[in-house]
Structures are given as structure tokens and as C-alpha cells.
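Chemist: Pasting a structure below so you can have a look.
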Amino acid sequence: MTTQRPAGRARRTVSPRLVVALVVMVLALVFVLQNRGPVNVYLFTLTLSAPLWLLLVVMIAVGLLVGVVVTRRR
């Protein structure tokens, strides 16, 4: 005897990987929103003054880009 799903919408499962990604995204967003003051960034002889939230968003984007590049090479 086999069991069949009822007709209608197919059941979708949420992967643990997606849940972790969403939690990390929410935590990153909260962290960015709580750190909005101006900061100075020193790199060798270059000095950059910008809001901390902007630098955090740039670093998150760089991290995501590196993650995409690394996972596509496998």
C-alpha cells in the first residue's frame, strides 16, 4: 500500500542552509543598523573617512563575492 500526497500544492521543505543564511543576513543587518557613526580607516598612507554602516555593507558585499567565487571554483 502506498501513500499519496493530496492533490494541490506540493510540499516544500526549507533547507537548514537557507535558514542559516537568513539568520546571518538578519544579524548582519542589525549589526549595520546599530553601527552608523563616522569612522576613519587607515590603509598604508590612505585615510578614508566614512560612515561605519557604509564600510560594513562594503565588507559584507566583498565577503559574499569571495564566497561566490570560491564556491564556483569547486
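Chemist: Since Ile60 meets every condition but one in (1) at pLDDT 85 or above; (2) within 15 Å of the chain's Cα centre (by Cα), which condition does it not meet?
Modeler: Exception for Ile60: condition (1).
Chemist: Another question about this same structure. For region 28-46, state whether one or more residues are of a type in the set (Val, Ile, Thr), assigned to a helix (DSSP H, G or I) and surrounded by 10 or more Cβ atoms within 10 Å (Cβ to Cβ).
Modeler: The answer is yes; a qualifying residue exists.
Chemist: Could you tell me whether any residue of region 13-22 is modelled with pLDDT under 85, surrounded by fewer than 11 Cβ atoms within 10 Å (Cβ to Cβ) and outside any helix (DSSP H, G or I)?
Modeler: Yes, some residue in region 13-22 is modelled with pLDDT under 85, surrounded by fewer than 11 Cβ atoms within 10 Å (Cβ to Cβ) and outside any helix (DSSP H, G or I).
The values are calculated or read from the model by the stated rules, or taken from the named source; none is laboratory data. On a predicted model such as this, the values are computed, not experimentally measured, just so you know. No Cβ is skipped: glycine too gets one built from the backbone with ideal geometry, and neighbour counts run over all protein chains shown.
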